[in-house]
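Novice: First the structure, which I've put down as structure tokens, then a few questions once you've had a look.
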Amino acid sequence: MMRKNMFHSKNKSQAPKPVGAAEDRLEALINKATNTTTAAIAEPQKMPVPLATSRYTASRQNLRVIPMGGVEEVGENMTAIEYGDDIIIIDMGLAFPDDTMPGIDYIIPDTKWLEDNKKRIRGVIITHGHLDHIGAVPYILPKLGDPPVYTMALTAGFIKKRLEEFGLLGRSKINVLTKDDVLPLGNFKVRFFRLNHSIPDSMGLCITTPVGQIVYATDWKFDHTPVDGKPTEFDKIAKFGAEGVLLLMSDSTNAIKPGYCASEREIGITIERTFSEIKGRIVFANFSTSISRIQQVFNAAAKYNRKVIVTGRSMVNNIEIALSLGYIKIQPKIIIKSEMAKKYPDSQIVILTTGSQGEEGAGLARIARGDHKTIKIKKGDTAIISASPIPGNERAVAVVMSNLTRLGAHVIYNKTLDIHTSGHAHQEELKLMIALVKPKFFMPIHGEHHMIVTHAELAQTMGIPPERIFSLDNGQILEITSAGEAKITEDAKIASGYVFIDGLGVGDVGEVVIRDRQVMAQDGMFVIIMTLDRRSGKLVNQPDIISRGFIYMKGNDDLIREVKHEVRKLVESKGKEKLEPNWAYLRNVIRDEIGEYLYQKTERRPMVLPVVIEV
Ligand SMILES: [Zn+2]
Ligand SMILES: [Zn+2]
């Protein structure tokens, strides 16, 4: 199936909740935080020590590493690691659908194998708070018997919010870790190291197993001047490398990009310069999870004496979570409600919003369509889109930009100014990671197949022989023996497909339904209603034809007449081939033959639906 890279994209499910109440809460929180000068820091939960189980079984003396998702797309990241009687899970993400999946809201990994083995799951470790790593948590955790979750404070805040929205808060225990914790989970021991990414609290893992160590580094870059002042812990990575690493699993998102990824701080300099030059109002759109970017917007606003209006549900929620946990510092009284904007000159206003991917329901698109409750674009406004469109979203972003310019705004985006940098390492950083870790085996993860392959080639240039590099598909198994031999087990794949989420249904829409929707979207549908005599199998009257999205019936009388004639001929001839009338067989024949007939006449393939009414 065609998969595309659709993280943070058009998201039409989950009706937006009214934002007013959240705005009030945020304001109250800021006032509280700024009055006491330090934001309230949540009490970290005490980390329980899970029971160690070391009941080995003969067949389970090998280490098995299974990417459940995320190696054929940017999205639905999830990995299972198994040894002996123990399984640990890393991340539970979702992916957004592409144009080949009409009507689907999300895709999550197929977890059937884990459901069958849920008693052996010792814990779920979440690396960071992006939706392609936490989005499927509310869908999957309950299916696995609510195992305990281990993660850093900010990520825990985002996960709790998501579980709360699904009414699941309080079922799985969400344990808050700190970066120097050592987490024993059955046969495994997990240590952590800090990485840079476009969200704070991203962490890499060093997993000690009875067979050797795994370094797991998804979603990272090396930023020597990160905005939160917390650089990558190179010392730890080098130490793990010196201890000996059996397998490195590393981020392939930007494996095709040469050089180094720009530091987030450089974007801050551009933001400040832009704010100093713009005279009118500024509408600033970016990912609501990019807490460092948001911090830089507040810093620039404070420096140039602008008030900030925050709009968009996820922007308000995430700032609220980051503020309550002390991950963002907001200047006193800088946030105002949108109704207050009139009291200030345009040169003193910034509107911070979601929708940098052109998402229909997000703040920026609503502003651009003129449907925002309180914010109306006018001449002199400048809109800054501080993100690059994820492949597949370019068109939606272009529509939003055109709408903004029609309303008189000036639009600044990544192509006109360096207003965004990625959170994923470029080639030189990827090489440095390999050099520090010095793994025996290498598995590129987090990317579409071509990115994974490019990353594998990069690892070869670093001297890792091709037979030690494993590029897997979702659900394939890499097995490593205690003798240190690794192979992809060809005979076993624990999951193959995707689970589609459409509205409230999880997994009740399969590939057949998707294919039907594709056919209907492309060439419409063609319904043939036949009223047949139960005993003789003969047509009682003329077949009826209904078509939608295929041809305009009125102008095509001839074609419809010919089809009816063909149907009559088929019923007469095929009806006789069987002793008893067999409607299923007849429907199949009609579907195939009429489908072919329509294709010959029109070169289109509508979905043909033969309906039999027995009398
Ligand atoms: Zn990711
Ligand atoms: Zn990420």
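The values are calculated or read from the model by the stated rules, or taken from the named source; none is laboratory data. Remember, predicted model here, so these are calculated numbers, not experimental data. Note that each Cβ is placed from the backbone with ideal geometry, even for glycine, and that neighbours are counted across all protein chains shown. For the accessible areas, the whole protein counts, side chains as well, though only heavy atoms, and no ligand, DNA or RNA atoms are used. Shrake-Rupley method; radii C 1.70, N 1.55, O 1.52, S 1.80 Å.
Novice: Mind counting the residues in segment 232-256 that are within 16 Å of ligand 2 (Cβ to nearest atom) and closer than 22 Å to GLY70 by Cα?
Specialist: Residues that pass the stated criteria total 7.
Novice: Another question about this same structure. Restricting attention to segment 330-346, does a residue exist that is touching an Asp or Glu at 6+ places or on another chain (Cβ under 7 Å), open to solvent by 10 Å² or more (accessible area, probe 1.4 Å) and modelled with pLDDT of 95 or more?
Specialist: Yes, the conditions are met somewhere in segment 330-346.
Novice: Moving to a separate point now. Aromatic (Phe, Trp, Tyr), buried (at least 17 other Cβ atoms within 10 Å of the Cβ) and over 24 Å from the mean Cα position of the chain (by Cα), is that true of PHE470?
Specialist: Answer is no for this residue.
Novice: If SER202 meets every condition in (1) within 16 Å of ligand 1 (Cβ to nearest atom); (2) open to solvent by 40 Å² or more (accessible area, probe 1.4 Å); (3) hydroxyl-bearing (Ser, Thr, Tyr) apart from one, which number is that one?
Specialist: (2)
Novice: Residue check, ILE375 against (1) in a loop (DSSP other than H, G, I, E, B); (2) among the hydrophobic types (A, V, I, L, M, F, W, C); (3) at pLDDT 95 or above, all met but one. Which one?
Specialist: Of (1) in a loop (DSSP other than H, G, I, E, B); (2) among the hydrophobic types (A, V, I, L, M, F, W, C); (3) at pLDDT 95 or above, only one is false for ILE375: (3).
Conditions (1) under 29 Å from ALA387 (Cβ atoms); (2) touching an Asp or Glu at 6+ places or on another chain (Cβ under 6 Å); (3) modelled with pLDDT under 95, marked per residue:
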| site | (1), (2), (3) |
| --- | --- |
| THR155 | yes, yes, no |
| ILE159 | yes, no, no |
| ASN175 | no, no, no |
| PHE193 | yes, yes, no |
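Novice: So, one more: Look at PRO184 and say whether it is modelled with pLDDT of 95 or more, outside any loop (DSSP other than H, G, I, E, B) and open to solvent by 20 Å² or more (accessible area, probe 1.4 Å).
Specialist: yes
Novice: Next question, about the same structure. Failed condition for GLU429, given (1) within 16 Å of ligand 2 (Cβ to nearest atom); (2) touching a helix residue (DSSP H, G or I) at 6+ places or on another chain (Cβ under 9 Å); (3) not β-branched (Val, Ile, Thr), with all others met?
Specialist: Every listed condition holds for GLU429 apart from (2).
Okay, residues lined up against (1) under 27 Å from the mean Cα position of the chain (by Cα); (2) within 16 Å of ligand 1 (Cβ to nearest atom):
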residue: LYS379; (1), (2): no, no
residue: LEU417; (1), (2): yes, no
residue: VAL437; (1), (2): no, no
residue: PRO444; (1), (2): yes, yes
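Novice: Select from segment 341-372 the residues that are of a type in the set (Val, Ile, Thr) and part of a loop (DSSP other than H, G, I, E, B) and list them in ascending order.
Specialist: THR354 - this is the single residue of segment 341-372 that is of a type in the set (Val, Ile, Thr) and part of a loop (DSSP other than H, G, I, E, B).
Novice: Okay, next question. Step by step: first the residues of segment 376-395, then only those that are more than 28 Å from SER198 (Cα to Cα) and not charged (D, E, K, R), then the one that is surrounded by the fewest Cβ atoms within 10 Å (Cβ to Cβ). Which residue is that?
Specialist: GLY380
Novice: Pick from ILE81, ILE104: which is modelled with pLDDT of 85 or more, away from ligand 1 (no atom under 14 Å from the Cβ) and assigned by TED's automatic domain parsing to the domain that holds GLY123?
Specialist: ILE81
Novice: Going through GLU320, GLU359 one at a time, which residue ends up being modelled with pLDDT of 90 or more, open to solvent by 20 Å² or more (accessible area, probe 1.4 Å), among the acidic types (Asp, Glu) and more than 18 Å from ARG306 (Cα to Cα)?
Specialist: So the residue among GLU320, GLU359 that is modelled with pLDDT of 90 or more, open to solvent by 20 Å² or more (accessible area, probe 1.4 Å), among the acidic types (Asp, Glu) and more than 18 Å from ARG306 (Cα to Cα) is GLU320.
Novice: Follow-up. I'd like to know if segment 218-231 contains one or more residues that are within 16 Å of ligand 2 (Cβ to nearest atom), farther than 24 Å from LYS329 by Cβ and in a strand (DSSP E or B).
Specialist: No, every residue in segment 218-231 fails to be within 16 Å of ligand 2 (Cβ to nearest atom), farther than 24 Å from LYS329 by Cβ and in a strand (DSSP E or B).
Novice: Answer yes or no: is there a residue in segment 424-440 that is touching a residue at least 24 places away in the same chain (Cβ under 8 Å), polar (S, T, N, Q) and touching a strand residue (DSSP E or B) at 6+ places or on another chain (Cβ under 9 Å).
Specialist: no
Novice: Give the residues of segment 205-217 that are within 16 Å of ligand 2 (Cβ to nearest atom) and touching a Leu at 6+ places or on another chain (Cβ under 7 Å), sorted by residue number.
Specialist: Correct list: TYR216, ALA217.
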